[in-house]
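Report on the structure given below.
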Amino acid sequence: MKTLVSLDVNGRTYEIAVSPELTLLEALRYELGLTGSKQGCDKGDCGACTVLVDDRPTLACLTLAVAVQGRKVRTVESLAQANVLHPLQDAFDQHGAAQCGFCTPGILMSAVSLLEQGGDAPDRLSIKKALSGNLCRCTGYTKIIDAVEDVAANTSSPGPPGHTGS
Amino acid sequence: MLPLPPFAYHRPRDLEEAVALLSELGPDAKLIAGGTDLLPNMKHGLLAPKHLIALDAISDLDRVEVLDDGSLSIGALTRLSDLAVHPTIRVLIPVLAEAAAEVASPQIRNMGTIGGNVCLDTRCVYYNQTQFWRSALGFCLKKDGDTCHVVKGGKQCVAACVGDTVPALIVLGAAARVLGPEGMRAVPLEALYTTPGSDHLKLARNEVIVRFEVPRPGERLRSGFFKLRLRRSIDFSSFSIAAALRLDGRTIQDLKLAAVALNSKPRVLNAEKLGVLGQDLTKEVMSHIGEQFQRRATPLDNINVDSQWRKEVIAVLVRRLLERVSAVGAQTASVSS
């Protein structure tokens, strides 16, 4: 039986009717048309579907849409503002950190969360750990880590939007 | 695409309602916490519960507290990523923080809970596969078949308990507080698991784990955890070992070791069984303990890593863990390894 749920995605509220077995990933891609989050393995191994739920990297393929009511969801579509890329997207472009690009949205969201944690700029090991749930089958990890390191070294952490550095 | 089979979704507001729902809906109902084990298994057609009962609307299940008597109470819905960085847990019982930090991947630790990790379904290379894959071998003892492909001629499922927090909780002497229709009861973690691997949890269908109680660690407790796996992230365990140790000078006052990823029950040994109580924890004794543990551990071909090789490395892994745990000061063990 479908139930009406209210989803807060990228700051916008969507009301949709969902079956309990609909995953957040399916809701984003097929109900809301937000196809940035990718359906890779669809069983929690690859990280291509990573989105932020209440600012934490979360696998949308293993999250039920009905379970995120009242929680804030952010997808890769939230990163670029109008024509301006997010610094991470810019750095991925500069460093050639996207090859086939399928893992990129998930990696960007894991990296965004790392950079929003504030404190000292994360070192390479912290970056690797933060991205350790995201597989890149082109195996272009070095350039990805270079890109995140570049942004980490050159930005002071703003914290998640709507938060005043806690 | 791996669509989920259909189910009805329930979101009780308190624990009593959850227990009542479990009793009312019967064997077709399953609890869901983080969902990171249940949902992939449902996607693989291993389970098709008609009702899922979500615990996330019940408040206060994710609290970590140090009680007046020095014991710790850890809510069953405490997320693994929160446990891994919890300052009190890192200092008092680092074995649990280290174990939580080694589960799966960052995303799964953000979703998965300690209660879910303790109740993780057993795993086997012949079970955690798609319906199509399993059908090619005529299925197995754990699901839909009557043959064990791990133990030829075996009549009892040997799928492995692989929850990383399980050995950590066992060496700490923790108990699960379980709520059922008759009220609360305490189950020592060690007594929670049984054979066969197809039915390895000694919980009634209408019981809910509410929290874990860890006895006062005391000032001299040293503890640590090591997980062997193919990759340092995402993968399930190929062998996980936890140690808790009390020394008086160099003399062993208390030692407990527990390991998972062997069989459906964790393997647990203490100083007495190992014959090292009161001995000095020298290099030789650490090697001896490693060999004793190895002798009593029986890795099977239920995990996709050669069982003979796993058997070989156990002695070394146990010795190395003891070397690390005994080298650092009690209660100040660093989480980095």
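The values are calculated or read from the model by the stated rules, or taken from the named source; none is laboratory data. What you see is a predicted model, and the numbers here were worked out from it, not measured in a lab. When we count neighbours, we look across all protein chains shown, and the Cβ atoms used for this are built from the backbone with ideal geometry, even at glycine. Side chains included, ligands, DNA and RNA excluded: accessible areas come from the protein's heavy atoms. Shrake-Rupley method; radii C 1.70, N 1.55, O 1.52, S 1.80 Å.
What to note about this one:
- Given chain B, longest segment not containing exposed loop GluC sites (Glu not before Pro) (DSSP; at most 15 other Cβ within 10 Å): B:1-181
- Against the rule of thumb 2.2 N^0.38 Å, how large the Cα Rg of region B:227-328 comes out: 1.07
- Distance (nanometres) between label positions extended 7 Å along Cα→Cβ at B:Lys155 and B:Val316: 4.0
- Cα convex hull of chain B, projected area averaged across orientations, nm²: 16.9
- If R0 equals 35 Å, the separation of the Cβ atoms of B:Thr130 and A:Leu4 corresponds to a calculated FRET efficiency of about 0.60.
- Accessible area per residue for the protein assembly as shown is 43 Å², calculated with a 1.4 Å probe on protein heavy atoms, without ligands, DNA or RNA.
- Whole-percent pair-distance distribution, where bins are 5 Å wide, for the alpha carbons of region B:1-53: 5, 21, 29, 23, 14, 6, 2, 0
- Surface composition of the protein assembly as shown: carbon and sulfur make up 50 percent of the accessible area, probe 1.4 Å.
- When both bridge partners sit in the protein assembly as shown, DSSP labels roughly 85% of those beta bridges antiparallel.
- Neighbour net charge for B:Pro12 - beta-carbon separation under 13 angstrom, K R +1, D E -1: -3
- Residue with peak Gaussian network fluctuation, chain A [Cα springs, cutoff 10 Å], from A:Val112, A:Val84, A:Val76: A:Val84
- If the chain linking B:Thr298 and B:Ala8 were pulled fully straight, counting 0.36 nm for each residue of separation and taking away their Cα-Cα distance, it would gain 100.3 nm.
- Using the Cβ-Cβ distance between A:Asp90 and B:Met1 with R0 = 56 Å, the FRET efficiency computed as 1/(1 + (r/R0)^6) comes to roughly 0.95.
- In degrees, nearest ten, helix B:283-296 long axis to first principal axis of chain B (Cα): 30
- Extent of the protein assembly as shown along its three principal axes (Cα atoms, max minus min coordinate, largest first): 70, 53, 50 Å.
- Cα-based radius of gyration for chain A, normalised by 2.2 N^0.38 Å, reads 1.02.
- Distance between the pseudo-spin-label points of B:Ala20 and B:Lys273 (7 Å out from Cα toward the beta carbon): 4.2 nm.
- Approximate spin-label separation B:Glu284-B:Ala57, in nm, with each point projected 7 Å along Cα-to-Cβ: 6.5
- At least 20 Å² accessible surface lost relative to isolated chain, residues of region B:89-115 (1.4 Å probe): B:Pro106, B:Gln107, B:Ile108, B:Asn110, B:Met111
- Cβ-derived FRET efficiency at R0 45 Å, B:Glu65 paired with A:Gln81, nearest 0.05: 0.60
- Stretching the chain fully between B:Ala186 and B:Asp235 yields a gain of 14.5 nm (0.36 nm per residue, less the alpha carbon separation).
- Given +1 at the Cβ of Lys and Arg, -1 at the Cβ of Asp and Glu and no other charges, the dipole of the protein assembly as shown around its Cα centre is 1320 debye to the nearest 20.
- A versus B: buried accessible surface, summed, Å² (probe 1.4 Å, to nearest 100): 2300
- Taking every Cα-Cα distance in region B:22-114 and sorting them into 10 Å bins from zero, the calculated P(r) comes out as 16, 39, 30, 14, 1 percent.
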